[in-house]
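The values are calculated or read from the model by the stated rules, or taken from the named source; none is laboratory data. As the structure is a prediction and not an experimental result, all values here were calculated from the model. Every residue, glycine among them, receives a Cβ derived from its backbone with ideal geometry; neighbour counts consider all protein chains shown. Surface accessibility is based on the protein's heavy atoms, side chains included, excluding ligands, DNA and RNA. Shrake-Rupley method; radii C 1.70, N 1.55, O 1.52, S 1.80 Å.
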Amino acid sequence: MIHRLLLATLPLLLSIPLAAQHEATQGDVDDGRRLYISNCALCHGPEGGSVPGVELGHGKFLRASNDEGLKTIILKGIAGSAMPPHTFTDFQAGTVVAYLRYMAASSTDATAVRGNAASGKAIFEGKGNCTSCHRVRGSGSRVAPELTDIGTIRRSVELQRSLLEPDAEVLPQNRYFRVTTKDGTTITGRLLNQDAFTVQLLDLKEQLVTFSRSDLTKSAFLDRSPMPSYKDKLSAPELSDLVSYLVSLKGIVYQ
Ligand code: HEC
Ligand code: HEC
């Protein structure tokens, strides 16, 4: 009798931890990405392949066989190696794991980066006219995010997507701000600062402009990217040259 009762409840007991497991949401992946970029990318690189012998971006790990194992490595580090412990909460470690899983699911065969970075640089400064908005190592415009170290914080798939579908993902800090003044003029630019009384923008001509809030009828972030898509403007080989160039931008190297 007792046996039968146990057998009957066993599957129930087993199913509880599964049901209680937290399914990773897009929000978890985004949080995990932020933690990864600021804590892990320095050593492991944006693609997860910068530590020799370790591939964090492909879902196969030498030292962990499941998510719990990965969390333990992240929290405790690996004794006797350069892999440090991290003071994350268990939940934060879980978001980093969710991001590692997302990386594996969205990894590509890296054909995008087999282009020629030198040709990519020529396209960036010439045909692509990227410097009319972006700045790299001191040359170009400031109206769009500086790209001098974009290769240390973005994966090649993300860079490629920025060129093909700029609207697919606009990072909160990269959104443009638009104000409408009482006389009906609209001005778009990067938001530099705002407080209860004023709004400061760097407009598309790289001029610093300050508005009194009392002179504005509207002010809001734009969801869409002002960046054009290059899907039909550049050929596939040109795009992969350009991505290779962006991947090579790893900050200013002092010698
Ligand atoms: C200071 C450099 C450094 C930082 C920062 C760092 N790691 Fe590591 N990590 C390493 C090294 C080196 C190894 C290889 C250790 C070994 O196997 O001997 C490693 C190994 C790992 C492993 C085991 C890989 C496997 O195949 O089993 C995982 C998982 C990992 N790191 C994840 C992370 C995550 C996630 C972060 C950020 C939260 C991070 N690391 C931050 C240097 C670092
Ligand atoms: C009309 C201005 C404009 C032009 C021209 C332009 N961009 Fe952009 N770009 C932006 C703006 C604004 C953003 C930030 C909003 C966003 O993420 O879409 C951006 C975002 C990006 C990002 C993502 C940055 C990040 O932090 O994730 C990359 C990469 C990029 N641009 C590359 C290029 C390249 C390469 C070219 C030339 C082929 C180019 N852009 C041309 C305005 C421009």
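Residue check, residue 68 against (1) surrounded by 15 or more Cβ atoms within 10 Å (Cβ to Cβ); (2) out of contact with any helix residue (DSSP H, G or I) (no Cβ under 7 Å at 6 or more places or on another chain); (3) on the phi < 0 side of the Ramachandran plot, all met but one. Which one?
(1)
Any idea which of (1) closer than 30 Å to residue 179 by Cα; (2) open to solvent by less than 80 Å² (accessible area, probe 1.4 Å); (3) of a type in the set (Asp, Glu) is the one residue 241 doesn't satisfy?
Result: residue 241 passes all but (1).
State the number of residues belonging to region 103-120 that are surrounded by fewer than 20 Cβ atoms within 10 Å (Cβ to Cβ) and either touching a helix residue (DSSP H, G or I) at 6+ places or on another chain (Cβ under 6 Å) or at pLDDT below 90 (or both).
Residues in region 103-120 being surrounded by fewer than 20 Cβ atoms within 10 Å (Cβ to Cβ) and either touching a helix residue (DSSP H, G or I) at 6+ places or on another chain (Cβ under 6 Å) or at pLDDT below 90 (or both): 12 in total.
Starting from region 140-153, keep only residues that are of a type in the set (Val, Ile, Thr), then list their pairs with residues that are open to solvent by less than 50 Å² (accessible area, probe 1.4 Å) and part of a loop (DSSP other than H, G, I, E, B) whose Cβ atoms are within a distance under 7 Å, requiring at least 6 positions of separation or different chains.
What qualifies is 148/249; 148/251; 150/249; 152/46; 152/251; 153/46.
Residues of region 52-97 being of a type in the set (S, T, N, Q) and within 7 Å of ligand 1 (Cβ to nearest atom), which ones?
Scanning region 52-97 gives a single hit, 81.
Condition (residue is more than 18 Å from residue 133 (Cα to Cα), free of Cβ contacts under 8 Å to residues at least 40 places away in the same chain, open to solvent by 70 Å² or more (accessible area, probe 1.4 Å) and part of a helix (DSSP H, G or I)) applied to region 190-198: is it met by at least one residue?
No, region 190-198 contains no residue that is more than 18 Å from residue 133 (Cα to Cα), free of Cβ contacts under 8 Å to residues at least 40 places away in the same chain, open to solvent by 70 Å² or more (accessible area, probe 1.4 Å) and part of a helix (DSSP H, G or I).
Restricting to region 124-148, count the residues that are more than 10 Å from ligand 2 (Cβ to nearest atom) and either open to solvent by less than 20 Å² (accessible area, probe 1.4 Å) or not small (Gly, Ala, Ser) (or both).
4
Go through region 213-246 and give me each residue that's assigned by TED's automatic domain parsing to the domain that holds residue 155 and among the β-branched types (Val, Ile, Thr).
Answer for region 213-246, where residues must be assigned by TED's automatic domain parsing to the domain that holds residue 155 and among the β-branched types (Val, Ile, Thr): just 243.
Kindly list the number of the only condition in (1) open to solvent by 40 Å² or more (accessible area, probe 1.4 Å); (2) touching a residue at least 12 places away in the same chain (Cβ under 8 Å); (3) within 20 Å of residue 37 (Cβ to Cβ) that fails for residue 161.
Every condition holds for residue 161 apart from (2).
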